[in-house]
Structure formats: C-alpha cells, structure tokens
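Below is one structure; the comments refer to it alone.
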Amino acid sequence: MTLAELAGRAGCSDSYLSSVEKGPITPTLSALSTLAAVLGADVGASFGGEPEEAVHLERAGSGPRLHIGLRAPSDRDQSDCE
C-alpha cells in the first residue's frame, strides 16, 4: 500500500502521513486508531514495550500514620494531660 492509498483510506492527506512518519507531527489517538484500523493492526502495538505493573490502591486512612513533631495520642502519659 502506498502512502497516498493509506491517506485516502484513512481520510487524511499524504503530507500529514509523511510528517507523522518523519517525526515533526505526533498523531492524535483518534488518527492513530484510524490508521491502525485501516492497516488491520492493534493500536496498542504502536506503543510498544511491556505493560506496566498493576497499580496498588489503598483507602485513605487505612495505611500507617506518620506523626511529625507530636507523639501519637495513644503514646501520651499522665504528665502530658496537665
């Protein structure tokens, strides 16, 4: 498939595709998705690399607490109450 044929099928200009190929223009995700569909490719394959590790989420307040400059209330003794 020529650049002109790809441009025609994707609905963009061949100069746009040439600029994407050479680097001065970064295609939008929409354009990348369209190009991948025309080429019969997986759009994810364009990003390369291995998938990142899963993100670990923790609810606020469920992790350890950090006390700076003050002792935790459970650590106080009678002398701190006066």
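Please list, in order along the stretch 7-22, the HN-Hα scalar couplings obtained from phi with the Karplus expression 6.51 cos²θ - 1.76 cosθ + 1.60 (θ = phi - 60°), rounded to whole Hz, x for Gly and Pro.
Using θ = phi - 60°, the values come out as 4, x, 5, 8, x, 9, 8, 5, 5, 4, 4, 5, 5, 5, 4, 7 Hz.
Under the Kirkwood approximation for Rh and a Cα-based Rg, what ratio Rg/Rh is obtained for the stretch 1-48? Numbers along the way, then the final one.
Details: Rg = 10.1 Å, Rh = 10.8 Å.
Looking at the stretch 1-48, the ratio lands at 0.93.
Under a Cβ-Cβ cut-off of 15 Å, what is the net charge of the residues other than Tyr16 that fall near it, where Lys and Arg count +1 and Asp and Glu count -1? Spell out each step's value before the answer.
Values: positive: Arg9, Lys22; negative: Glu5, Asp14, Glu21.
Counting the neighbours of Tyr16, the net charge comes to -1.
Each reported figure results from applying straightforward, stated rules to the coordinates on display, with no laboratory input. Because the structure is a prediction, the values reported are computed rather than measured. Note that we place each Cβ from the backbone using ideal geometry, even for glycine, and neighbour counts take in every protein chain shown.
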